[in-house]
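What follows is calculated from the coordinates using simple rules that are stated; it is not laboratory data. Worth saying up front: this structure is predicted, and the values here are computed from it rather than measured. Cβ: placed from backbone, ideal geometry, glycine included. Neighbour counts: every protein chain shown.
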Amino acid sequence: MIRRLASALGLLLLLGAMPWAAADEARVLLVANAGVDSPRLTRDTTRALFAMRQRTWPDGRAARIFVLPNRHPVHARFVKQRLSVYPHQLQLAWDRVVFSGTGQAPHRVATQAEMLEQIATTPGALGYLEREYLDDRVQVITIQ
Amino acid sequence: MIASKSSPSSEARLAGMLGAALLAAAAPVHGHDEGALDTLQLHGFLSQALVVSDDNNVFGPSSEGAGSLQFTELGANASLRPHEDVLIAAQVLSRRAGGDASDASPELDYGLIDYQLLSDQRRNLGVQVGRFKNPFGFYNQTRDVAFTRPSVLLPQSIYFDRTRSLALSADGVLSYYEERLPQGTLRFQAGVGRVQAGDDLRRTLRLDDFSGDLDPETSAIGQIRYEHDGGRIVAAIGTADVGAHFDSRQPGLSDGDFYFRPWILSLQYNAERWSLTGEYALRESGLENFNDPRLNFDTTGESWYLQYTRRFLDDWQWLIRYDSLVNDRDDPDGSAFEEKTGGAIPAHSQYARDITLGLQWTPLPRLLLSGEYHHVDGTGWLPLRDNPDPDETAERWNLWLFQLSLRF
């Protein structure tokens, strides 16, 4: 009886954990150039970097921001899940800094393969990738 | 003519300074892996509108024939980061909104050097030196860029076209400070500088009949803005103290001073599919120190709007807005004003209530098509230049705008 209960509970836990695991798998990772010396960023700093309001890494070096097109599903997922903003808000933030002299636009890439190449070869680069696009030329940054 | 009299010299100075800075920045820096030119960015925009009205003219002869095409906005900017803490940026703007074709001659919209003194995970602190865009309300800093506006015309009760030169930019120093709190971000901006006092202001003050110069004086502007939860809720409060001196050459008329002290409160809620935006402004303005008491005045105007925007089908957005302007809180229906002018200027020139329905479509990231309808009661913000005789204006009127915008 207890064993049956335990296994039922186990199954329930497993089922309950499944969507979590799947969500974690689908999580888009924050990725930086290997030379970057800031393994952790707060979510607010990450958001400020992608909104082009913060221009430097915490260690003072220039940050180069790379993004996929607004309508790319990975862009939408990254922006919503990791930055808690919407793609249209981010686009408006870029237009506002670019046309008011308060900042620059992020660098656009068309695909995740191109994102990987740019992050690997650009000093100070920051972008995002799905896990299967990672290789050891870049580093994953933890969002605190 | 004041604009063309006073600004070219300061503009030339600014342009020269920026040119030198750009040149110095673009020169390869020893010890760095890459030249600063790698950070050079060029952007621009072009907007062309068709303006149609049944009565009253907006931006050219909009009430005649098929309407007016005299609303064109064209801008180009360059920015460069010669050092990780420095940004150099300049934008040239050519804008025609009715009037003469010569109005479209390019002007320096902003040109500045931005130096960030401090930047870490908690806060940013920096200064901008040069010609900076005034941080006033939600939309002022990019008011001429269609892609940053929710509608072709910004709510005119606050983003007046008829005294736009005053609000645009200032030549001086703007400092900014951003502090990240656990729940949101606080941003402070405070600037001191010389604003532009163009022909539009002079016309609106009805000083255009007198000979003399209207020269801007050093003004101050400040804004505190709080963004909660990544911008889901945005709140801002701002104020400015702007002055200009009228140097009279009119026989019998003394010099006088203009002042403008607005307060503005801004609130916005952003959901994934919709946004609700409201702004409220109290605008104290006046003329003083003229020996002719008929010129001196002091009034407080009241402006507010409430706007709902809804996004649908990925690249469409519709908008509904109510926008209310009262030139003088003590005379909201304008009757006292009409009486004072002996009936020469109608009461409806002192207020405007505008209901707007708008639609925007972004079929491509670089292309925006917009259309909107305004039903307006009153002519409080109607451009004076397009309607020289206030007595011939209609109190209730309708306005349609269609705009095509490109950016790169």
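Worth a mention:
- Mean per-residue shielding of peptide B:137-145 is 3, counting Cβ atoms of other chains within 10 Å of each Cβ.
- Under the Debye formula (equal points on every Cα, no solvent term), log10 I(q)/I(0) of segment B:323-384 at q = 0.25 Å⁻¹: -0.97
- Dipole axis of the protein assembly as shown (+1 Lys, Arg; -1 Asp, Glu on Cβ), positive-most option in B:Gly191, B:Gly231, B:Leu112: B:Gly231
- Here the residues A:Glu132, A:Glu117, B:Glu288, B:Glu279, ranked from fewest to most Cβ neighbours within 10 Å of their Cβ, fall in the order A:Glu132, B:Glu288, A:Glu117, B:Glu279.
- Sequence of A:Met52, A:Met115 once ranked by neighbouring C-beta atoms within 10 Å, starting from the fewest: A:Met52, A:Met115
- D_trans [Stokes-Einstein, Kirkwood Rh over alpha-carbon pairs] for segment B:270-408, 4 °C, 1.567 mPa s, µm² s⁻¹: 74 µm²/s
- Calculated on C-alpha atoms, the gyration radius of segment B:157-213 divided by its Kirkwood radius gives an Rg/Rh of 1.21.
- Taking N as the residue count of the protein assembly as shown, its C-alpha radius of gyration divided by 2.2 N^0.38 Å amounts to 1.07.
- The string of couplings for segment B:59-69 from the Karplus curve (6.51, -1.76, 1.60, θ = phi - 60°) is 6, x, x, 5, 8, 10, x, 8, x, 10, 9 Hz, one whole number per residue in order, with x for Gly and Pro.
- Share antiparallel - DSSP beta bridges, segment A:24-143, percent rounded to 5: 60 percent
- Relative contact order computed over segment A:24-143 (Cα-Cα under 8 Å; 6+ residues apart), in percent: 47 percent
- Cβ-placed point charges (K, R +1; D, E -1), dipole of segment A:24-143 about Cα centre in debye, nearest 20: 500 debye
- Projected onto planes of every orientation and averaged, the convex hull of the alpha-carbon atoms in segment B:152-303 covers 10.2 nm².
- For the residues of A:48-59, the average number of beta carbons from a partner chain within 10 Å of their own beta carbon is 4.
- Couplings 3J(HN,Hα) of segment A:44-49, computed from phi: 5, 5, 4, 5, 5, 5 Hz, in residue order, whole Hz [Karplus 6.51 cos²θ - 1.76 cosθ + 1.60, θ = phi - 60°; x for Gly and Pro].
- 222 nm mean residue ellipticity, helices alone, for chain B (DSSP H n ≥ 4; -39,500 (n - 2.57); rounded to 500): -3000 deg cm²/dmol
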